[in-house]
């Protein structure tokens with residue numbers, strides 16, 4: 001698994017995105033609320049967003065859930081999925097900014113390659129964050145029409161192109177994080193996230209239209 005310091009993508013003017021956003025098409029999908037609560041030994045509990053936050057996001061759908069594994073000494077994984085139906089409801093904040101706005105401080109940041117069983121490898125952002133004595137490891141990526149990328153800028157390039165070719169600009173953010181257990185190193189937390197991602201990733205095609 002490779003970890004790099006940055007992920008770059010060069011793309012056209014942002015004004016192009018607005019010009020192309022005309023009555024985009026959206027394909028049918030399963031509701032995120034129906035995403036399985038049980039994933040092998042993991043059992044999930046939903047964490048509702050405050051009404052003010054949900055209203056400020058506008059159109060779209062989200063899933064925010066904590067999964068726990070009774071066989072892993074109290075370890076948990078927080079799963080967050082936000083689906084955006086078109087560019088009018090584009091992400092207004094980078095995922096890392098939301099974490100920092102919640103009081104977490106980045107300790108390490110970069111990208112990592114996820115090579116999950118039975119799936120094509122793709123890049124994701126990787127963050128080690130801290131709040132007081134707590135440490136959490138975070139992985140997140142953007143997804144649309146089978147593409148999964150670590151960079152919001154790269155995703156916006158694809159959205160602009162697909163708006164022209166396919167009249168579609170729907171996309172999603174997938175984020176998962178886990179707290180480091182006492183004495184645990186980031187590598188151990190990363191193995192837990194990768195194992196969990198291997199359960200989640202094959203299911204997302206039902207909730208994020210290809």
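What the table shows:
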quantity: So residue 32, is it at pLDDT 95 or above and within 17 Å of residue 176 (Cα to Cα); calculated: no
quantity: Residue within the stretch 3-21 that is at pLDDT below 95, exposed (fewer than 11 other Cβ atoms within 10 Å of the Cβ) and over 28 Å from residue 163 (Cβ atoms) present; calculated: yes
quantity: Which numbered condition residue 113 fails, given (1) surrounded by 15 or more Cβ atoms within 10 Å (Cβ to Cβ); (2) in a strand (DSSP E or B); calculated: (1)
quantity: Hey, residue 106 exposed (fewer than 15 other Cβ atoms within 10 Å of the Cβ) and either modelled with pLDDT of 95 or more or assigned to a strand (DSSP E or B) (or both) or not; calculated: yes
quantity: Residues that are modelled with pLDDT of 75 or more and farther than 20 Å from residue 51 by Cα, drawn from the stretch 79-101; calculated: 86
quantity: Some residue of the stretch 153-172 being closer than 25 Å to residue 106 by Cα and in a strand (DSSP E or B); calculated: yes
quantity: Residues that are modelled with pLDDT of 90 or more and within 17 Å of the chain's Cα centre (by Cα), drawn from the stretch 45-61; calculated: 46
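Per-residue answers, yes or no, for (1) more than 22 Å from residue 41 (Cα to Cα); (2) in contact with a strand residue (DSSP E or B) (Cβ under 9 Å, 6 or more places away or on another chain); (3) in the same structural domain as residue 142 (by TED's automatic domain parsing):
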| residue | (1), (2), (3) |
| --- | --- |
| 164 | yes, no, no |
| 167 | yes, no, no |
| 170 | yes, yes, no |
| 185 | yes, no, yes |
| 194 | no, yes, yes |
| 208 | yes, yes, yes |
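Conditions tested, residue by residue: (1) surrounded by 19 or more Cβ atoms within 10 Å (Cβ to Cβ); (2) at pLDDT 90 or above; (3) touching a helix residue (DSSP H, G or I) at 6+ places or on another chain (Cβ under 9 Å).
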{"site": "127", "(1), (2), (3)": "yes, yes, yes"}
{"site": "134", "(1), (2), (3)": "no, yes, no"}
{"site": "159", "(1), (2), (3)": "yes, no, yes"}
{"site": "175", "(1), (2), (3)": "yes, yes, yes"}
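The values are calculated or read from the model by the stated rules, or taken from the named source; none is laboratory data. From a predicted model like this one, the values you see are computed outputs, not experimental measurements. Neighbour counts run over all protein chains shown; Cβ positions are idealised from the backbone, glycine included.
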